[in-house]
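The values are calculated or read from the model by the stated rules, or taken from the named source; none is laboratory data. Remember, predicted model here, so these are calculated numbers, not experimental data. Cβ: placed from backbone, ideal geometry, glycine included. Neighbour counts: every protein chain shown.
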Amino acid sequence: MNPAMASKTTRAAHLIRAGAILILLATLDITGAAASTVLPMTLEQLARRADCIIEADVLELSSRWNASSTQIVTDITLDVSQVLAGECNAGRRTVTTLGGRVGDLDMRISGAPVFQRDQQVVLFLSEDTELWVPVLGMAQGLLNRELRPDGTEVFGNRSIGFFQRNELQQAVTGAREED
């Protein structure tokens, strides 16, 4: 191969390699920006850090644009049947989280809790109004009520496990007494 041809081949190979690296870096930047990281928490950690722990039924979900029309938020209307810990009241309460669907636009936060109408839940809440998701530990702080085939009532999720009502109450009371 003559030297001029070898030089052109080498330049082309360098350009192809540089282009591939740029594409790879661009892809990594895009996927990195969309990720969220949540540290695993135990039931006791959730109970200690929560300002308010409630048992509630989800009555309504209503998504809307925030005041500056830059983000979609969802208002979750709850009927609080029991306060397990903290300074909060039974009755109706609205929790607002980042994400939801308005028209054809869907905005989701990876790791955030997912609510459904008529869902029965226990929530570990923060009263910090600056949080995008006021449920502590993101989805970890949302315990779903389930009835097992044998009729046993449990509350939990895949992250922290499932607990019978008395186990849940004992863990919450014990964790908060340690503080």
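Would you confirm, using the coordinates I've provided, whether Leu39 is among the hydrophobic types (A, V, I, L, M, F, W, C), over 14 Å from Gly141 (Cα atoms) and either modelled with pLDDT under 95 or over 19 Å from the mean Cα position of the chain (by Cα) (or both)? First the steps, then the outcome.
Values: among the hydrophobic types (A, V, I, L, M, F, W, C): yes; over 14 Å from Gly141 (Cα atoms): no; either modelled with pLDDT under 95 or over 19 Å from the mean Cα position of the chain (by Cα) (or both): yes.
Against the criterion (among the hydrophobic types (A, V, I, L, M, F, W, C), over 14 Å from Gly141 (Cα atoms) and either modelled with pLDDT under 95 or over 19 Å from the mean Cα position of the chain (by Cα) (or both)), Leu39 does not qualify.
Name the residue that is surrounded by the fewest Cβ atoms within 10 Å (Cβ to Cβ), counting only residues in region 93-107 that are more than 17 Å from Val122 (Cβ to Cβ) and over 18 Å from the mean Cα position of the chain (by Cα). It would help to see each step written out before you state the result.
Residues of region 93-107 that are more than 17 Å from Val122 (Cβ to Cβ), as a first pass: 94, 96, 98-107.
Now drop any that are not over 18 Å from the mean Cα position of the chain (by Cα), which leaves 102-105.
Values: Val102: 13, Gly103: 7, Asp104: 5, Leu105: 10.
So the residue we want is Asp104.
I'd like to check something: does region 104-120 contain any residue that is touching a Ser or Thr at 6+ places or on another chain (Cβ under 6 Å), without any contact (Cβ under 8 Å) to a residue 40 or more places away in the chain and in the same structural domain as Leu168 (by TED's automatic domain parsing)?
Looking through region 104-120, none of the residues is touching a Ser or Thr at 6+ places or on another chain (Cβ under 6 Å), without any contact (Cβ under 8 Å) to a residue 40 or more places away in the chain and in the same structural domain as Leu168 (by TED's automatic domain parsing).
Of all residues in region 153-172, none that is in a loop (DSSP other than H, G, I, E, B) has its Cβ atom under 6 Å from the Cβ atom of a residue that is surrounded by fewer than 14 Cβ atoms within 10 Å (Cβ to Cβ), 6 or more apart or on another chain.
Only one of Val122, Val114 is under 24 Å from Ser63 (Cα atoms), β-branched (Val, Ile, Thr) and surrounded by 14 or more Cβ atoms within 10 Å (Cβ to Cβ); which? Can you show your working first?
Numbers: Val114 fails: surrounded by 14 or more Cβ atoms within 10 Å (Cβ to Cβ).
Of Val122, Val114, the one residue that is under 24 Å from Ser63 (Cα atoms), β-branched (Val, Ile, Thr) and surrounded by 14 or more Cβ atoms within 10 Å (Cβ to Cβ) is Val122.
A single member of Ile72, Ile76 is surrounded by 15 or more Cβ atoms within 10 Å (Cβ to Cβ) and under 18 Å from Gly141 (Cα atoms), and it is Ile76. Does Arg48 satisfy being more than 19 Å from Leu168 (Cβ to Cβ), among the basic types (Lys, Arg) and outside any loop (DSSP other than H, G, I, E, B)? When the stated conditions are applied, Arg48 does not pass them.
Per-residue answers, yes or no, for (1) under 22 Å from Arg176 (Cβ atoms); (2) part of a strand (DSSP E or B):
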site: Thr97; (1), (2): no, yes
site: Arg101; (1), (2): no, yes
site: Ala112; (1), (2): no, no
site: Phe115; (1), (2): no, no
site: Asp118; (1), (2): no, no
site: Val122; (1), (2): yes, yes
site: Asp128; (1), (2): yes, no
site: Leu131; (1), (2): yes, no
site: Leu143; (1), (2): yes, yes
